[in-house]
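Rule-based calculations on the coordinates, nothing more; no lab input. These numbers were taken from a predicted model, which means no experiment stands behind them. Cβ: placed from backbone, ideal geometry, glycine included. Neighbour counts: every protein chain shown.
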Amino acid sequence: MARRLRLTHFRDLSIDNPFFDSLKAGYNGFDRWFESKRDEELYVVDDEAELSGMIYLKTEEGPVTDVTPPLSAGVWLKVGTLKIVGRGTRLGERVIKKIFDTALARGAAGVYVTVFEVHEDLIALFERYGFVRHGIKRTGDGEELVLARSLVDFTGDRLLDYPFVHTAGRRSWLLAIYPEYHTELLPDSILNNEPEALVRDVSHTNTIHKVYISGLALQRMSPGDVVVFYRTTDGKGPAYFRSVVTSICVVEEVRRKNDFPNVDAFLAYTTPRSVFSEERLRNLYERPRLSVAKMTYNVALGRRTTRGQLIDAGVVSVQPRWDMRELSLHQLNQIVAMGEVNARVIVD
């Protein structure tokens with residue numbers, strides 16, 4: 001079974017698991033701390049046989065005074081404990097998204113994490129998505145760097161502000177995706193009737209950065225444009241009932257076939273972020289019409305709104321086709337509202 005990210009309780013884990021050895025060695029009193037949290041929830045990464053990650057998220061009311069300088073008043077989400085055994089599958093990016101999703105759900109104004117400076121890759125990952133070096137925290141275990149990220153102040157940069165979606169001056173699009181590719185590319189948008197096994201521990205599933213490859217005129221889209229993914233029917237019933245909007249992404253860039261000097265360059269760009277196999281990608285490259293949109297996966301809609309519901313509510317008309325069509329800002333806002341998206345995510 002592939003690794004999965006799931007919610008559990010401390011009491012359901014064994015402190016004697018070898019996974020915790022490095023944490024017990026690095027933090028005095030880890031055993032006592034672990035036992036004190038027995039009834040609390042945490043995220044773990046496992047494959048049912050082996051534990052390979054844990055993420056403990058704690059809500060705190062600021063000011064946070066055990067760091068220097070103190071963090072301001074307000075609700076903070078603390079990444080209390082974070083350890084992931086890397087396997088080259090970009091699982092860290094999926095964890096970053098889960099941290100932000102949790103912070104927004106809990107109404108946090110900011111997120112912070114303490115980390116020893118030797119963990120350079122982890123620090124770089126947090127900084128890529130807007131965390132800044134705020135200060136230090138001194139304990140009996142040593143001096144840790146404090147990284148903090150505001151969820152109320154914005155820079156205007158798409159990555160530094162992730163997962164927030166800026167709409168001012170941007171266009172919005174409805175973009176279709178077939179069911180066989182949907183959940184593997186957009187794992188947090190899994191439907192209730194889909195098996196969890198669809199969500200695999202592979203780069204294109206875990207990464208925040210996705211690529212969508214098509215013969216459609218994707219070059220109509222520009223960096224910063226908002227994309228609403230529309231999962232087409234699975235053929236088990238009418239599209240009116242079974243096609244749904246599930247996700248919101250933001251375009252990073254769009255490339256045409258002639259932007260790639262050869263197939264190797266195309267493969268290097270698409271393979272880590274695409275659901276397609278190398279053989280399928282090679283076949284796609286042979287097509288005369290080909291566009292590639294790279295985008296960030298920002299939001300999984302809380303409620304999957306069907307094609308029929310969108311039509312009946314007068315949000316989207318039956319024509320033109322729903323493969324790729326432009327949406328007005330009003331239509332986008334209606335889809336967001338019907339999808340029960342946290343209102344904070346859409347800014348501007």
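Observations on the model:
- Helical runs assigned H by DSSP (4 residues or longer) give the chain a calculated mean residue ellipticity at 222 nm of -6500 deg cm²/dmol, each run adding -39500 (n - 2.57) before division by the residue total.
- Comparing S274, S247, S291 in a Gaussian network model of the chain (Cα springs below 10 Å), the most mobile by mean-square fluctuation is S291.
- For the range 165-347, the relative contact order is 32 percent, taking Cα pairs closer than 8 Å that sit 6 or more residues apart in sequence and dividing their mean separation by the residue count.
- Centre-to-centre separation between the Cα atoms of the range 241-255 and those of the range 117-154: 31 Å.
- Overall form of the range 4-150 per C-alpha gyration tensor (a/c, 1.5; a/b vs b/c): rounded
- Ranked for footprinting exposure by Cβ neighbours inside 10 Å, fewest first, I208, I136, I123 give I136, I123, I208.
- Most fluctuating residue given options V44, V315, V118, as computed from a GNM of the chain linking Cα atoms under 10 Å: V118
- Here K257 is the anchor, and the lysines within straight C-alpha reach of less than 25 Å, apart from those fewer than 8 places off in the same chain, are K210, K294.
- Look at the alpha carbon pairs under 8 Å that are at least 6 residues apart: their mean separation over the length of the chain gives a relative contact order of 15 percent.
- Qualifying GluC sites (Glu not before Pro) for the range 259-348 [loop in DSSP, other Cβ within 10 Å: at most 11]: E286
- Label point of D323 set 7 angstrom out along Cα-Cβ; within the range 277-314, amide nitrogens under 13 Å from it belong to 289-291.
- Between R220 and K98, full extension at 0.36 nm per residue minus the direct alpha carbon distance yields a gain of 40.8 nm.
- Largest GNM mean-square fluctuation among K257, K236, K78, using the chain with Cα springs under 10 Å: K236.
- FRET efficiency, N258 to F116 (Cβ-Cβ, R0 45 Å, nearest 0.05): 0.45
- Residue separation of R38 and T155 scaled by 0.36 nm, minus their Cα-Cα distance, works out to 38.2 nm of gained length.
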